[in-house]
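Below is one structure, written out as structure tokens; comments come after it.
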Amino acid sequence: MKRASILMLAAASLGTLSVAHNAAALGPVDIEVAAKVGGGTNPEKNVADLPPNALGLGLGGRAGVSFFGLYGGVSFMDYLGTKSPGPPVMESLKSILYGIEVGYNIGVPLLTLRPQLGVGNYTVSGSFNGNATGATLAPENYNKSNLYLEPGLTGLLSFGMLIVGADANVLFLPGMNGSQPAFTAHGQVGIKF
């Protein structure tokens, strides 16, 4: 009896899957994949010698799903950073951010506005060497990781499956000593299914 029930359930499932459906739409679900390019202001408080900016030009991407206006996804950015102006001390910084994003789509024809919040890991990598106050310093490399919070607003234009947009955000590094809020912005291009 149990085996017959399982066979009937399997037959009904296969029958449901074999019915023709409109393949052009996923119903209330949209899947987005986009490449991002952008940068940000310095997340370290300015001091007399102005440290290099770990949020110099960045390249990355994101992927996510929208369901009845709610958006959830993942994001990755590799900021190439900048170097200090030069002697006597040379310092360079770069950073990687990866995490999740949640938001809500506010749509009008062709345009989607999405207030969102990003949460994840911020890792800054640096190298330091030089000659300060007459003493030669040994080269030093370091990595530091911190939680980041990044509230922002994304605007997307849709042209069929193609999406083009931009986002503006404020990056907070609550666990990093000597940090300040940084402004980040990115251009985006991708596809929506």
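The values are calculated or read from the model by the stated rules, or taken from the named source; none is laboratory data. If you're wondering where the values come from, they're calculated on a predicted model, not measured in any experiment. Cβ placement follows ideal geometry from the backbone for every residue including glycine, while neighbour counts extend to all protein chains displayed.
Filter the stretch 139-193 down to residues that are β-branched (Val, Ile, Thr) and surrounded by 14 or more Cβ atoms within 10 Å (Cβ to Cβ) and give me whichever is farthest from residue 34 (Cα to Cα). Write out each step before concluding.
Going through the stretch 139-193, the residues β-branched (Val, Ile, Thr) turn out to be 154, 163-164, 170, 184, 189, 191.
Pick out the ones that are also surrounded by 14 or more Cβ atoms within 10 Å (Cβ to Cβ) and you get 154, 163-164, 170, 184.
Details: 154: 12, 163: 8, 164: 9, 170: 20, 184: 17 Å.
Checking each candidate, the answer is 170.
Checking residue 71 against (1) modelled with pLDDT of 95 or more; (2) among the hydroxyl-bearing types (Ser, Thr, Tyr); (3) farther than 18 Å from residue 106 by Cβ, which test does it fail?
Single failed check for residue 71: (3).
Please list, ordered by first then second residue, the pairs with beta carbon atoms under 8 Å, 6 or more apart or interchain, first in the stretch 67-96 and more than 15 Å from residue 39 (Cβ to Cβ) and part of a strand (DSSP E or B), second at pLDDT below 95 and of a type in the set (Lys, Arg).
From the stretch 67-96, the pairs are 90/83; 91/83; 92/83.
Residue check, residue 46 against (1) under 30 Å from residue 117 (Cβ atoms); (2) at pLDDT 75 or above; (3) not hydrophobic (A, V, I, L, M, F, W, C), all met but one. Which one?
Of everything listed in (1) under 30 Å from residue 117 (Cβ atoms); (2) at pLDDT 75 or above; (3) not hydrophobic (A, V, I, L, M, F, W, C), residue 46 misses just condition (2).
It is to be established whether one or more residues within the stretch 25-32 are surrounded by fewer than 16 Cβ atoms within 10 Å (Cβ to Cβ), at pLDDT 90 or above and touching a His at 6+ places or on another chain (Cβ under 7 Å).
no
Check the stretch 95-108 and report whether any residue there is hydroxyl-bearing (Ser, Thr, Tyr), out of contact with any Phe, Trp or Tyr (no Cβ under 9 Å at 6 or more places or on another chain) and at pLDDT 80 or above.
Of all residues in the stretch 95-108, those hydroxyl-bearing (Ser, Thr, Tyr) come to 95, 98, 104.
Going one step further and asking which of them are out of contact with any Phe, Trp or Tyr (no Cβ under 9 Å at 6 or more places or on another chain), we end up with none.
Looking for residues that are hydroxyl-bearing (Ser, Thr, Tyr), out of contact with any Phe, Trp or Tyr (no Cβ under 9 Å at 6 or more places or on another chain) and at pLDDT 80 or above, one finds none in the stretch 95-108, hence no.
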